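S.K.: So that we are looking at the same thing, I have put the structure below in structure tokens.
The values are calculated or read from the model by the stated rules, or taken from the named source; none is laboratory data. Quantities reported herein were computed from a predicted structural model and do not represent experimental measurements. Glycine also receives a Cβ, built like all others from the backbone with ideal geometry; neighbour counts cover every protein chain displayed.
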Amino acid sequence: MLVPMRAILEAADQNGYAQGAFNVNAVCQAKAVIRVHETFRSPAILQGADLANGFMGGRKDFLNATLEDKKRGAKNIADAVRRFGTESPIPIALHLDHGKTLDSCVAAVEGGYTSVMIDGSHLPFEENVELTREVVKYAHARGVTVEGELGVLAGVEDHVFAEGSTYTNPLHAVDFFRKTGVDALAISYGTMHGANKGKNAVIRKEIAIAIKENLRHEGIEGFLVSHGSSTVPRYIVDEINALGGELKDANGIDVGQLIEASRCGINKINVDTDIRLAVTRNIKELFAGDKALRSSASIGEIYELLEKNKAAFDPRVFITPIMDTVMTGEIPDDDVARICDCIEAGVKEVVGTLIVRFESFGKAPKVKPVTLEEMEAYYRSRGI
Ligand code: G3H
Ligand code: 13P
Ligand code: ZN
């Protein structure tokens, strides 16, 4: 069933495991994320980023996506998640990742998302509070969970309390929870987005410990989120490069550090890059193994795009020739089916591994099966 994300985070917090949150950019990816969580009886968080919604709304140049594109994409992906997830035995949340504006959040909720992130981390503290409060007011009135962000990702080791540090200040974090009423907060503590995180990225778990401890003192039940947490598996990077890819300086976060962070107050761990890498590897492998596909009427152009963009690993760069399938999940012919198999297998390889490492397997029954209506009543009774 679909649930507000808060219910999934509560279970992770109370039972001491980490919950992965996995980005999707196409309907068949959402299907695969749900199915692999079902296999492991894990609760599931799927996330569509603001720009990803534009892409799933049919916008090939998604960097220029309009609000209308995002609305269409949010609806497309939410329809698919309902189709695959409503009757599912596991709890599933669909979360907007890095929502830029209140309008983006509204588009997601109207489409059927059960959780939104408003990322005001680039704003001065008070403006971030203001924007986040607006989103909380809108979302909580509908039982929808809200994640905010404080601190700027991409830190350099040991700069934690230095002047001008971009790491999250634990005191500000507690103040942010109090002033905004957010359910969850993304913090900057040493991780960063993308496949180039530096050779020995160090997570400053002390930051999570400090925030969580202070929240307890203040009687606030808030959850912490680790963004930029892909592990960038070395074997996948090597395979991409062996297939003609040109990935340089690719390094991720050590999974042991993520597990440790989850024991120090991190409840949700965001992963996108690892999925992109596995899917890219699979599609390259498909064309390397079956050369006839390179001139396929429906997917030959995917091969051309791969060849033109050897340093890229975001499938949105290559899969534009099958936009209808991206948006609806409909499969017009056998060749497109093979691309979808590549996408689904890539998702399952990476997500399955992390469900096991994060220990969310078997935890589906720990999540209270609350509805958005019940969650709305909960917020109303507490005045948040
Ligand atoms: O945290 C960012 C995610 O990886 C989403 O990326 O904005 O390119 O869709 P995107
Ligand atoms: P990665 O780029 O490390 O996968 O981070 C994903 C993320 O933070 C999505 O919000
Ligand atoms: Zn992120």
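S.K.: Quick one: how many residues across the range 188-203 are within 21 Å of the chain's Cα centre (by Cα) and of a type in the set (D, E, K, R)?
M.R.: Qualifying residue count for the region: 1.
S.K.: Return the only residue of Val81, Val109, Val33 being in contact with a Lys or Arg (Cβ under 8 Å, 6 or more places away or on another chain), in a helix (DSSP H, G or I) and among the β-branched types (Val, Ile, Thr). Walk me through how you get there before you give the answer.
M.R.: On the way: Val81 fails: in contact with a Lys or Arg (Cβ under 8 Å, 6 or more places away or on another chain); Val33 fails: in contact with a Lys or Arg (Cβ under 8 Å, 6 or more places away or on another chain).
Unique residue meeting the criteria: Val109.
S.K.: Same structure, new question: Which residues, counting only those in the range 328-384, are surrounded by fewer than 17 Cβ atoms within 10 Å (Cβ to Cβ), of a type in the set (Asp, Glu) and assigned to a helix (DSSP H, G or I)?
M.R.: Scanning the range 328-384 gives Asp334, Asp341, Glu373, Glu374.
S.K.: Any idea which of Leu94, Leu123 is within 17 Å of the chain's Cα centre (by Cα) and not in a helix (DSSP H, G or I)?
M.R.: On the way: Leu123 fails: within 17 Å of the chain's Cα centre (by Cα).
One residue alone meets the criteria, Leu94.
S.K.: Hey, another quick one. Out of Arg294, Arg276, I need the residue that is out of contact with any strand residue (DSSP E or B) (no Cβ under 7 Å at 6 or more places or on another chain), modelled with pLDDT of 95 or more, among the basic types (Lys, Arg) and within 16 Å of ligand 3 (Cβ to nearest atom). Which one? Please lay out each step first, then the result.
M.R.: Working: Arg294 fails: within 16 Å of ligand 3 (Cβ to nearest atom).
Checking each option against the conditions leaves just Arg276.
S.K.: Hey, does the range 224-241 have a residue that's without any contact (Cβ under 8 Å) to a residue 60 or more places away in the chain, away from ligand 2 (no atom under 13 Å from the Cβ), of a type in the set (D, E, K, R) and touching an Asp or Glu at 6+ places or on another chain (Cβ under 8 Å)?
M.R.: Yes, that holds for at least one residue.
S.K.: Looking only at the range 266-317, how many residues end up being part of a helix (DSSP H, G or I) and aromatic (Phe, Trp, Tyr)?
M.R.: Step one: of the range 266-317, the residues part of a helix (DSSP H, G or I) are 273-289, 291-295, 300-308, 315-317.
Filter again for aromatic (Phe, Trp, Tyr), leaving 287, 303.
Counting residues in the range 266-317 that are part of a helix (DSSP H, G or I) and aromatic (Phe, Trp, Tyr) gives 2.
S.K.: Just for the range 86-102: of the residues that are in contact (Cβ under 8 Å) with a residue 40 or more places away in the chain and of a type in the set (A, V, I, L, M, F, W, C), which one is surrounded by the fewest Cβ atoms within 10 Å (Cβ to Cβ)?
M.R.: Filtering the range 86-102 for residues that are in contact (Cβ under 8 Å) with a residue 40 or more places away in the chain and of a type in the set (A, V, I, L, M, F, W, C), the one surrounded by the fewest Cβ atoms within 10 Å (Cβ to Cβ) comes out as Ile90.
S.K.: Picking from Ile275, Ile283, Ile299, which residue would you name as being more than 25 Å from the chain's Cα centre (by Cα) and of a type in the set (Val, Ile, Thr)?
M.R.: On the way: Ile275 fails: more than 25 Å from the chain's Cα centre (by Cα); Ile283 fails: more than 25 Å from the chain's Cα centre (by Cα).
Just one listed residue meets the conditions, Ile299.
S.K.: Further question: Let me confirm something: among Asp69, Asp50, which residue is buried (at least 22 other Cβ atoms within 10 Å of the Cβ), of a type in the set (Asp, Glu) and modelled with pLDDT of 95 or more?
M.R.: Details: Asp69 fails: buried (at least 22 other Cβ atoms within 10 Å of the Cβ).
After ruling out the rest, the residue left standing is Asp50.
S.K.: Same structure again: Sort out which residues of the range 1-17 are crowded, with 24+ Cβ neighbours inside 10 Å and assigned to a loop (DSSP other than H, G, I, E, B), and write them in order of number.
M.R.: Within the range 1-17, Val3, Pro4 meet the criteria.
S.K.: In the list Arg216, Arg281, Arg263, which residue meets the criterion of being in contact with an Asp or Glu (Cβ under 7 Å, 6 or more places away or on another chain) and charged (D, E, K, R)? Quick ask: steps written out before the conclusion?
M.R.: Working: Arg216 fails: in contact with an Asp or Glu (Cβ under 7 Å, 6 or more places away or on another chain); Arg263 fails: in contact with an Asp or Glu (Cβ under 7 Å, 6 or more places away or on another chain).
Arg281 is the lone residue from the list that is in contact with an Asp or Glu (Cβ under 7 Å, 6 or more places away or on another chain) and charged (D, E, K, R).
S.K.: Has the range 316-325 got at least one residue that is aliphatic (A, V, I, L, M), in contact with a Cys (Cβ under 7 Å, 6 or more places away or on another chain) and surrounded by 18 or more Cβ atoms within 10 Å (Cβ to Cβ)?
M.R.: Step one: filter the range 316-325 for residues aliphatic (A, V, I, L, M), giving 317, 319, 322-323.
When the remaining residues are screened for being in contact with a Cys (Cβ under 7 Å, 6 or more places away or on another chain), the result is none.
No; the residues of the range 316-325 include none that is aliphatic (A, V, I, L, M), in contact with a Cys (Cβ under 7 Å, 6 or more places away or on another chain) and surrounded by 18 or more Cβ atoms within 10 Å (Cβ to Cβ).
S.K.: State all residues of the range 257-273 that are within 13 Å of ligand 3 (Cβ to nearest atom) and touching a helix residue (DSSP H, G or I) at 6+ places or on another chain (Cβ under 7 Å); if no residue qualifies, say none.
M.R.: Initial filter on the range 257-273 (within 13 Å of ligand 3 (Cβ to nearest atom)): 268-273.
Across the range 257-273, the qualifying residues are Lys268, Ile269, Val271.
S.K.: While we're looking at this one, here's another question. Residue by residue through the range 28-45, note down the ones that are out of contact with any Phe, Trp or Tyr (no Cβ under 6 Å at 6 or more places or on another chain), crowded, with 24+ Cβ neighbours inside 10 Å and among the aliphatic types (A, V, I, L, M).
M.R.: Ala30, Ala32, Ala44, Ile45
S.K.: Residues being within 16 Å of ligand 1 (Cβ to nearest atom) and either on the phi > 0 side of the Ramachandran plot or surrounded by fewer than 20 Cβ atoms within 10 Å (Cβ to Cβ) (or both): count how many of those fall in the range 226-245. Steps first, please.
M.R.: From the range 226-245, those within 16 Å of ligand 1 (Cβ to nearest atom) are 226-232; that's our starting set.
Keeping just the survivors that are either on the phi > 0 side of the Ramachandran plot or surrounded by fewer than 20 Cβ atoms within 10 Å (Cβ to Cβ) (or both) gives 228, 232.
Looking only at that region, the number is 2.
S.K.: Pairs, please: C-beta under 7 Å, at least 6 apart or cross-chain, first residue more than 16 Å from Val116 (Cα to Cα) and in the range 48-59, second modelled with pLDDT of 95 or more and of a type in the set (Phe, Trp, Tyr)?
M.R.: Note: pairs meeting the criteria are Phe55/Phe62.
S.K.: Here is a follow-up. Can you tell me which residue among Leu67, Leu9 is touching a helix residue (DSSP H, G or I) at 6+ places or on another chain (Cβ under 7 Å) and either closer than 27 Å to Arg133 by Cβ or within 15 Å of ligand 1 (Cβ to nearest atom) (or both)? Give the derivation first.
M.R.: Details: Leu9 fails: touching a helix residue (DSSP H, G or I) at 6+ places or on another chain (Cβ under 7 Å).
Result: Leu67 is the single residue among Leu67, Leu9 that is touching a helix residue (DSSP H, G or I) at 6+ places or on another chain (Cβ under 7 Å) and either closer than 27 Å to Arg133 by Cβ or within 15 Å of ligand 1 (Cβ to nearest atom) (or both).
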